[in-house]
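The values are calculated or read from the model by the stated rules, or taken from the named source; none is laboratory data. Values in this document were obtained by computation on a predicted structure and should not be read as measured data. Positions of Cβ are backbone-derived with ideal geometry, glycine not excepted, and every protein chain shown enters the neighbour counts. Ligands, DNA and RNA are stripped out before the accessible areas are found, and what is left, the full protein with its side chains, is counted by its heavy atoms. Shrake-Rupley method; radii C 1.70, N 1.55, O 1.52, S 1.80 Å.
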Amino acid sequence: MLSQNVIIMEIGIKIKKLREGKKMSQMELAYILGISQSKLCNIESNEDKSIDFVLMHKVCQFFEVGFDYF
């Protein structure tokens, strides 16, 4: 069974891969999501584990993926 930290780390990595796939900067995506660039950086590097449902919903909508992608 995976620990919660591993699952969250994978979410950050997947968000980063989606962002890079669209050739977007952290600043651009952070603006779209309504968060600071530093918060996005911390999410992508697993330093911030406070990814809530509303933020994940915005990520899924923007990248057109379902919650099950993460």
Spacing of the two label points (7 Å from each Cα toward its C-beta) at Ser36 and Asp52, in nm: 1.6 nm
Expressed as cubic angstrom per residue, what is the convex hull volume of the alpha carbon set of the chain? 79 Å³
Net lengthening on full extension, Glu64/Lys23 (0.36 nm per residue, minus Cα-Cα): 13.2 nm
Of all accessible surface on the chain at a 1.4 Å probe, what whole percent is carbon and sulfur? 57 percent
